[in-house]
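Engineer: Take this structure first; my questions come after.
Coordinate-derived values only; no laboratory data. Keep in mind it's a predicted model, so treat the numbers as computed, not measured. Reconstructed Cβ throughout: ideal geometry from the backbone, glycine too, with neighbour counts over all protein chains shown.
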Amino acid sequence: MQAASLRASGLSGGYGPNQVLHGVSIEAAPGTICGLVGPNGAGKTTLLKGLYGILPLTAGTVVLDGKEITHIPVRERPTIGIGYVPQERNVFPNLTVNENLELAVHTVKSNSGAVALKDRLDYVFNLFPRLAERRSQLAGLMSGGEQRMVALGIGLIARPRLLLLDEPTTGLAPIFVHSLMQTIHSLCKQDGITAILVEQNIASLLTIATSIVILKEGKVLENTITPEQLSSKKIWEYL
């Protein structure tokens, strides 16, 4: 699987008359993790929704591997190699782990036709052995950390080259935070996935991020600085 390069330029957008993003530009090289940092209301989630096509952009362009995808419908984003894991747990509580993942597989079409269900499920279960053990359990009866694994599995079921993650560790116990961050790091390193990661747990983010983009009031305050550079700054000024 070849990693994807992302270049977003001059992105603007919001909710009705409420403009949230004001000319935001970010880039991510193949196989890297770009961390988005900023206070609540800075536009981080809005930016991810704009990149995935959930939120229509009023200005700017999104280019993936040299091809503009700005106006590609959201339903087609998985087929071009983009996965999205929202901040909400994004699982069907009354369905089993297997059923949640199977439903996600059936929404994906590949260029070669049908997607092999078993291959996709095996891929997720190899990443999260805990889910393999609980495949017949209702998702709603699982812990918060396990539900996040299911949500991440749903986002990965299409084997994306670009993965958009919105605060995946929210509400998780420290042991789950560490495990989930290491899984994300391994995915990007071993499978060559390019990730855009929104995360309030700055300490954990700095352990895996390749670069950092700081947003404030819908604008890029500092673009593509290194984790080491962010560590040397007064981080609380940005939160």
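For every residue, the table says whether it meets (1) within 19 Å of Thr70 (Cα to Cα); (2) of a type in the set (Asp, Glu); (3) surrounded by 18 or more Cβ atoms within 10 Å (Cβ to Cβ).
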residue: Arg7; (1), (2), (3): yes, no, no
residue: Gly10; (1), (2), (3): yes, no, no
residue: Tyr15; (1), (2), (3): yes, no, no
residue: Gln19; (1), (2), (3): yes, no, no
residue: Gly23; (1), (2), (3): yes, no, no
residue: Ile26; (1), (2), (3): yes, no, yes
residue: Gly31; (1), (2), (3): no, no, yes
residue: Leu36; (1), (2), (3): no, no, yes
residue: Thr46; (1), (2), (3): yes, no, yes
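Engineer: Name the residue that is farthest from Leu156 (Cα to Cα), counting only residues in the stretch 167-212 that are assigned to a strand (DSSP E or B) and among the aliphatic types (A, V, I, L, M).
Structural biologist: That would be Ile212.
Engineer: Scanning the stretch 58-89 for residues that are of a type in the set (Gly, Ala, Ser) and out of contact with any Lys or Arg (no Cβ under 9 Å at 6 or more places or on another chain), which turns out nearest to Gly10 (Cα to Cα)?
Structural biologist: By that ranking, first place goes to Gly60.
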